[in-house]
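What follows draws every value from the coordinates through simple rules; no lab data is involved. It should be emphasised that the depicted structure is a prediction, and the values quoted were computed from it without experimental measurement. Using ideal geometry, Cβ is built from the backbone for each residue, glycine included, and neighbour counts are taken over all protein chains shown.
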Amino acid sequence: MSVIEIKGLTVQVTTEDGPKDILRGVDLTVKAGEVHALMGPNGSGKSTLAYAIAGHPKYSITGGSVTLDGQDVLAMSVDERARAGLFLAMQYPVEVPGVSISNFLRTSITAIRGEAPNLRHWIKELKESMAGLQIDPQFAERNVNEGFSGGERKRTEILQMELINPRIAVLDETDSGLDVDALRVVSEGINRVCAKGETGVLLITHFTRILKYVKPDFVHVFYDGRIVREGGSELADDIEANGYAQFVTA
Amino acid sequence: MTAVTEHIEREVAIVPPKDHTPVIRSLDPSDFPTPTSRDEEFRFTPMAKLRDLHKGDVPTTGGMAIAVNKVPGATFELSAAKTGERQGFTDKIAAGAWASLDSISTLTISADAQLEESVVVSIVGSGAVSYGQLDINVGKFAKAVVIVDHIGDATYAGNIDINVADGASVCVVSLQDWDAKAVHLAQHRITLGRDSSVKHVSITLGGEVVRILPSVVYTAPGGQAELLGLYFAGAGQHAEHRLFVDHSEANCRSNVVYKGALDGADAHTVWVGDVLIRANAVGTDTYEINRNLVLSGGGRADSVPNLEIETGEIVGAGHASTTGRFDDEQLFYLQSRGITPDEARKLVLRGFFEDLLSQIGVPEINDRVRNSIETRLGGHI
Ligand SMILES: Nc1ncnc2c1ncn2[C@@H]1O[C@H](COP(=O)(O)OP(=O)(O)OP(=O)(O)O)[C@@H](O)[C@H]1O
Ligand SMILES: [Mg+2]
């Protein structure tokens, strides 16, 4: 069973006016089979946490540790982290002009599984996953995220998660910008991966509506670069009803 | 490190008509002074590496091997005689080539012929100094794709004159896939008849110095020119394209897209796009764009779009130029999916050229171009 352990993580971002502290000591453990929801106001540092785990070069780690099954994640390069089993569904997935989804996915899967997938199996696997997420088969030949709507990008992120089948998936506002039908389709995709019990999910969100489909085992409230409260799904309802101000201790 | 993207958007000014006839037009190299790097047209060119071709009088030391496949509707012949009318060239190099060559290659596409297969003119150098003149004459309402494939090693000044008759449509791809030491200087002069269209493609991948000057002249209304280019310059390579589109007739269109990548110390690319819309060329529609991707340190990409407009009664005119490095966000995205940094850069580089290859629309060259670039990168990127 995989587990990611984040301890005392502090992170800075380099800005034009010099380094700025964003994460101020994050402690969080996510195990395979669990769903953790992370909720917090705009600018509290949720995406920073996600990027820091994935190894984005813009963020520098100033303290603390992140381990995946005991391995030091922070010592790994971005691609090594992915191959070790970390996955990040991005809040704003990036366009890659001239690179088709099918080429991109095949290259990614080959890297992650360590060998090129059998072509016939692969085509079938891709088709099925796309159908499950109600993605038009023609998207396979489109360039990665180029001209995709917000919702199409999010579906494509979950498509990648399903094919990669990571040990730990961080989903950064995957529910934002989805219409009600898309929300259901995407949630079902997440649940399919969760159902295998091999993946731990950290779901970053602003809204409880996705939590009606993807049931969290734990809810964490994020504020000013750290987790300020932990609880069950009732905490999410409390946030929706009363906002974040209640968690701010003067 | 963030991506550096430099935009050059120049002012488009409506200027009073002036006399654009070049000072000298001649077939005789002795009519021209020897160019130097102080001349505007040569300011980016490494004169010392031209092996004196710019002096217009270097003797031939051998020929190029020319082979052409047989395609119904197309005929190819070599002739020793410099007969017929030919417009004077505009520089000493091109005139020198004309004066020194010993045979002219003529590819004729019969009127009304719709070629089902590409004509491939393969020009193979074996290290000698040589000169060439290729005429591509496309008959009325004909349709053809011609690939001029330059390989091997050479010190070569070879011009191509492309004459497109009324209603005809031709795609000419000039592939410069030379060995590392080649020097290749050429004018590609395109003359367009009424309602005719040309797609001219220059692909420069190899050679120490390659300098291609495509130009378009419209002789009647309704002409369309698409000028596409793809270039790669590795360490020590100079790849230069200078374009001139002369809108002298009404209701003509031109569209220029050039994309290049540079890799390694002293890699130098030059793109100059001169577009002139003369006072009588009302209804003109023109756009030109140049994009450069600098892969590793030390390369230099010069990019100069130049639009001169003498009439305001046009459909559109614009240009854009960007030079940048790899986008870190794209690389991060790919790497976050397990793809190694090298592989990620390769994907982005391929992607950079991919839409251009589909715009070129000659599938048989795609793999050749992709593989040539990857081979020339030598595994590192
Ligand atoms: N490059 C940067 N320069 C300056 N500030 C930055 C930079 N990157 C992030 N920040 C700041 O770090 C803070 C945390 O940003 P982050 O994107 O992690 O927030 P978030 O919790 O994901 O917010 P949201 O809910 O809006 O997505 C914000 O105040 C943001 O402005
Ligand atoms: Mg965010």
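Here is a yes/no grid of residues against (1) without any contact (Cβ under 8 Å) to a residue 12 or more places away in the chain; (2) within 30 Å of A:Leu74 (Cβ to Cβ); (3) surrounded by 19 or more Cβ atoms within 10 Å (Cβ to Cβ); (4) of a type outside the set (Gly, Ala, Ser):
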residue: B:Val272; (1), (2), (3), (4): no, no, yes, yes
residue: B:Ala279; (1), (2), (3), (4): no, no, no, no
residue: B:Gly283; (1), (2), (3), (4): no, no, no, no
residue: B:Ala301; (1), (2), (3), (4): no, no, yes, no
residue: B:Pro305; (1), (2), (3), (4): no, no, yes, yes
residue: B:Phe326; (1), (2), (3), (4): no, yes, yes, yes
residue: B:Asp355; (1), (2), (3), (4): yes, no, no, yes
residue: B:Arg368; (1), (2), (3), (4): no, no, no, yes
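B:Leu115 passes every criterion in (1) closer than 30 Å to B:Ser37 by Cα; (2) surrounded by 15 or more Cβ atoms within 10 Å (Cβ to Cβ); (3) out of contact with any Ser or Thr (no Cβ under 8 Å at 6 or more places or on another chain) apart from (1). A residue that is touching a residue at least 40 places away in the same chain (Cβ under 8 Å) and of a type in the set (Asp, Glu) occurs nowhere in region B:132-144. Kindly evaluate A:Arg120 against the criterion of being away from every other protein chain (no Cβ under 14 Å) and assigned to a helix (DSSP H, G or I). Here the answer is yes, as A:Arg120 does meet what is asked. The set of residues in region A:164-179 being in a loop (DSSP other than H, G, I, E, B), away from ligand 2 (no atom under 13 Å from the Cβ) and either closer than 12 Å to A:Ala54 by Cα or more than 13 Å from chain B (Cβ to nearest Cβ) (or both) consists of A:Leu178, A:Asp179. Evaluate region B:305-323: report whether one residue or more is within 14 Å of another protein chain (Cβ to nearest Cβ) and under 30 Å from A:Ile109 (Cα atoms). Taking every residue of region B:305-323 in turn, none turns out to be within 14 Å of another protein chain (Cβ to nearest Cβ) and under 30 Å from A:Ile109 (Cα atoms).
Screening A:Thr15, A:Thr67, A:Thr10 for residues that are more than 16 Å from ligand 2 (Cβ to nearest atom), free of Cβ contacts under 8 Å to residues at least 40 places away in the same chain and of a type in the set (S, T, N, Q) leaves exactly one candidate, A:Thr15. I need every pair where a residue in region B:62-75 that is under 13 Å from B:Val145 (Cβ atoms) has its Cβ under 6 Å from the Cβ of a residue that is polar (S, T, N, Q), sequence separation at least 6 or different chains. From residues that are under 13 Å from B:Val145 (Cβ atoms), the pairs are B:Gly73/B:Ser110. Checked against (1) more than 14 Å from every other protein chain (Cβ to nearest Cβ); (2) surrounded by 20 or more Cβ atoms within 10 Å (Cβ to Cβ), A:Ala75 passes all but a single condition, namely (2).
Taking the condition in a helix (DSSP H, G or I), within 23 Å of A:Ala82 (Cα to Cα) and not aromatic (Phe, Trp, Tyr), does A:Ile210 pass? Against the criterion (in a helix (DSSP H, G or I), within 23 Å of A:Ala82 (Cα to Cα) and not aromatic (Phe, Trp, Tyr)), A:Ile210 does not qualify. Among the listed residues A:Pro41, A:Pro57, identify the single one that is more than 14 Å from chain B (Cβ to nearest Cβ) and either touching a helix residue (DSSP H, G or I) at 6+ places or on another chain (Cβ under 6 Å) or not charged (D, E, K, R) (or both). The conditions single out A:Pro41.
Based on this model, can you work out whether A:Leu203 counts as part of a helix (DSSP H, G or I), in contact with a helix residue (DSSP H, G or I) (Cβ under 8 Å, 6 or more places away or on another chain) and either within 16 Å of ligand 2 (Cβ to nearest atom) or closer than 20 Å to A:Leu133 by Cβ (or both)? Against the criterion (part of a helix (DSSP H, G or I), in contact with a helix residue (DSSP H, G or I) (Cβ under 8 Å, 6 or more places away or on another chain) and either within 16 Å of ligand 2 (Cβ to nearest atom) or closer than 20 Å to A:Leu133 by Cβ (or both)), A:Leu203 does not qualify. Within region B:136-158, being part of a strand (DSSP E or B) and farther than 25 Å from B:Arg368 by Cβ holds for one residue alone: B:Asn137.
Are any residues in region B:210-229 crowded, with 24+ Cβ neighbours inside 10 Å and either at positive phi or among the aliphatic types (A, V, I, L, M) (or both), and if so, which ones? Those that are crowded, with 24+ Cβ neighbours inside 10 Å and either at positive phi or among the aliphatic types (A, V, I, L, M) (or both): B:Val210, B:Val216, B:Ala225, B:Leu227. A:Val78 - would you say it is in contact with a strand residue (DSSP E or B) (Cβ under 9 Å, 6 or more places away or on another chain), of a type in the set (A, V, I, L, M) and more than 16 Å from ligand 1 (Cβ to nearest atom)? The answer is no for A:Val78.
Of the residues making up region A:37-64, just one is more than 16 Å from ligand 2 (Cβ to nearest atom) and buried (at least 18 other Cβ atoms within 10 Å of the Cβ), namely A:Gly55. Candidates are the residues of region B:118-169 that are touching a Phe, Trp or Tyr at 6+ places or on another chain (Cβ under 8 Å) and of a type in the set (D, E, K, R); the one that is surrounded by the fewest Cβ atoms within 10 Å (Cβ to Cβ) is B:Asp166. Checking each residue in region A:1-38 for being within 11 Å of ligand 1 (Cβ to nearest atom) and under 13 Å from the mean Cα position of the chain (by Cα) picks out only A:Leu38.
Filtering region A:80-101 to residues that are facing another protein chain (nearest Cβ under 8 Å), within 24 Å of A:Lys31 (Cβ to Cβ) and surrounded by fewer than 24 Cβ atoms within 10 Å (Cβ to Cβ) leaves only A:Arg83.
When B:Ile123 is tested against (1) in a strand (DSSP E or B); (2) more than 21 Å from B:Gly206 (Cα to Cα), only condition (2) is not met. Within region A:151-183, which residues are among the hydroxyl-bearing types (Ser, Thr, Tyr) and buried (at least 21 other Cβ atoms within 10 Å of the Cβ)? A:Thr156, A:Thr174, listed by residue number. Against the list (1) small (Gly, Ala, Ser); (2) away from chain B (no Cβ under 14 Å); (3) outside any helix (DSSP H, G or I), the condition A:Ala140 fails is (3).
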